[in-house]
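Visitor: Can you read through this structure? Questions will come right after.
The values are calculated or read from the model by the stated rules, or taken from the named source; none is laboratory data. Just so it is clear, the model here is predicted, and its values are computed rather than measured. Note: ideal-geometry Cβ built from the backbone for every residue, glycine included; neighbour counts use all protein chains shown.
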Amino acid sequence: MCDNFNGKRVLVTGAGRGIGREIVKQLVAANARVVALSKTQSNLDSLKAEYPSVETICCDLSKWDETTGAVEKAGAIDLLVNNAAFAALTPLGAIDEAIIDRHFAVNIKSVINITQVVAQGMKARGKGGSIVNLSSVAGMIGIKDHLVYGATKAALDNMTKVWALELGQHNIRVNSVNPTVTLTEMGEVGWSDPAVRDPWLAQHPLRRFCQPHDVAHTVLYLLSDKSDMITGAILPIDGGLTCV
């Protein structure tokens, strides 16, 4: 666990709930200055009430110009966590254009948009930085009904590698973390049926799913100087699922 970020400013997208909220919690405990971005004002309000030091930005990441302006106004960012994502698990034959467009708008276009703005500032300041993209095992293996979502996460992993190549000369590191099922509040509900949960769980050698803190611990490590020789990594947090 990385216990001190020395007041560095960290932008976390999708920060209002789930994994993003846990990342904010751990960053605040590690003395980071967190800028939390979410499209849901009520989630930001509750986050601010719990962690008064957090700066908040309410923004719909599917809107390019709105997002660009919001991130530019946020000022200097030392570290970035691209956590926000959209997921609609739809089988082949039921996928329509709107589902595809929504996935790519949030999971790909907004990440490119935000990363371009933040990386430009990092390069201009010349102090390096670290960017962590929240991907998924769905980008690494085929999972039923995950066609569009998995395609965006596979694309995100490739973006991570390209950015690691492009930004390394500026001492900016870029990595992906790829969790399996993560038991956020929504995850607990979605995987509560043993008939659905148990066959999938049996494919994990550790016989358990992720908790939000498992993902957050890994994100903080990759943001920190303790991982200063790691860039371009695609790191599964999956209890061994992808080793089969």
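Visitor: Take Met159 and decide whether it is modelled with pLDDT of 95 or more, assigned to a helix (DSSP H, G or I) and in contact with an Asp or Glu (Cβ under 9 Å, 6 or more places away or on another chain).
Guide: So Met159 fails the test.
Visitor: Here is a list: Val174, Val181, Val106, Val111. Which entry is free of Cβ contacts under 8 Å to residues at least 60 places away in the same chain, touching a Cys at 6+ places or on another chain (Cβ under 9 Å) and surrounded by 20 or more Cβ atoms within 10 Å (Cβ to Cβ)? Before the answer, list the steps.
Guide: Working: Val174 fails: touching a Cys at 6+ places or on another chain (Cβ under 9 Å); Val106 fails: touching a Cys at 6+ places or on another chain (Cβ under 9 Å); Val111 fails: touching a Cys at 6+ places or on another chain (Cβ under 9 Å).
Criteria check complete, one pass: Val181.
Visitor: Further, regarding this structure: Given (1) within 15 Å of the chain's Cα centre (by Cα); (2) closer than 25 Å to Gly239 by Cβ; (3) surrounded by fewer than 20 Cβ atoms within 10 Å (Cβ to Cβ), identify the lone condition not met by Ile143.
Guide: Single failed check for Ile143: (1).
Visitor: Filter the stretch 191-236 down to the residues that are within 20 Å of the chain's Cα centre (by Cα), assigned to a helix (DSSP H, G or I) and not hydrophobic (A, V, I, L, M, F, W, C) and list them by number. Break it down stepwise before answering.
Guide: First, the residues of the stretch 191-236 that are within 20 Å of the chain's Cα centre (by Cα): 209-228, 230-236.
Right, trim to assigned to a helix (DSSP H, G or I) and you get 212-223, 225-227.
Within the stretch 191-236, Pro212, His213, Asp214, His217, Thr218, Tyr221, Asp225, Lys226, Ser227 meet the criteria.
Visitor: So which of Ala119, Ala87 is touching a Phe, Trp or Tyr at 6+ places or on another chain (Cβ under 7 Å) and touching a residue at least 40 places away in the same chain (Cβ under 8 Å)? Can you show your working first?
Guide: Numbers: Ala119 fails: touching a Phe, Trp or Tyr at 6+ places or on another chain (Cβ under 7 Å).
One residue alone meets the criteria, Ala87.
Visitor: Exactly one condition in (1) surrounded by 21 or more Cβ atoms within 10 Å (Cβ to Cβ); (2) in contact with a Leu (Cβ under 9 Å, 6 or more places away or on another chain); (3) not basic (Lys, Arg) is not met by Glu22; state its number.
Guide: (2) is the only condition that Glu22 fails.
Visitor: Taking the options Gln116, Gln120, Gln169, name whichever one is surrounded by fewer than 16 Cβ atoms within 10 Å (Cβ to Cβ), more than 20 Å from Thr13 (Cβ to Cβ) and at pLDDT 95 or above.
Guide: Details: Gln116 fails: more than 20 Å from Thr13 (Cβ to Cβ); Gln120 fails: more than 20 Å from Thr13 (Cβ to Cβ).
That would be Gln169, the only listed residue that is surrounded by fewer than 16 Cβ atoms within 10 Å (Cβ to Cβ), more than 20 Å from Thr13 (Cβ to Cβ) and at pLDDT 95 or above.
Visitor: Would you be able to tell me the number of residues in the stretch 77-91 that are among the aliphatic types (A, V, I, L, M) and closer than 15 Å to Ile112 by Cα? First the steps, then the outcome.
Guide: So the first thing to find is which residues in the stretch 77-91 are among the aliphatic types (A, V, I, L, M), and the list is 77, 79-81, 84-85, 87-89.
With the extra rule that they be closer than 15 Å to Ile112 by Cα, the set shrinks to 80-81, 84-85.
Summing the residues that are among the aliphatic types (A, V, I, L, M) and closer than 15 Å to Ile112 by Cα in the stretch 77-91 gives 4.
Visitor: Somewhere in the stretch 30-50, is a residue touching a strand residue (DSSP E or B) at 6+ places or on another chain (Cβ under 7 Å), over 17 Å from Arg17 (Cα atoms) and surrounded by 16 or more Cβ atoms within 10 Å (Cβ to Cβ)?
Guide: yes
Visitor: Moving on to the next point. Here is a check on your reading of the model: is Ala70 among the hydrophobic types (A, V, I, L, M, F, W, C), surrounded by fewer than 23 Cβ atoms within 10 Å (Cβ to Cβ) and in contact with a Cys (Cβ under 8 Å, 6 or more places away or on another chain)? First the steps, then the outcome.
Guide: Details: among the hydrophobic types (A, V, I, L, M, F, W, C): yes; surrounded by fewer than 23 Cβ atoms within 10 Å (Cβ to Cβ): yes; in contact with a Cys (Cβ under 8 Å, 6 or more places away or on another chain): yes.
The answer is yes for Ala70.
Visitor: Could I ask something else about it? All but one of (1) touching an Asp or Glu at 6+ places or on another chain (Cβ under 7 Å); (2) buried (at least 23 other Cβ atoms within 10 Å of the Cβ) hold for Val137, so report the exception by its number.
Guide: Exception for Val137: condition (2).
Visitor: Say we look at the stretch 146-164 and pick out the residues that are closer than 14 Å to Ile234 by Cβ and among the hydrophobic types (A, V, I, L, M, F, W, C); which of these is nearest to the chain's Cα centre (by Cα)?
Guide: Looking at the filtered set, the residue picked out is Leu156.
Visitor: Those residues that are farther than 10 Å from Asp238 by Cβ, of a type outside the set (Ser, Thr, Tyr) and touching a residue at least 40 places away in the same chain (Cβ under 8 Å), I need them from the stretch 201-218; list them, please.
Guide: Within the stretch 201-218, Pro212, His213, Val215, Ala216, His217 qualify.
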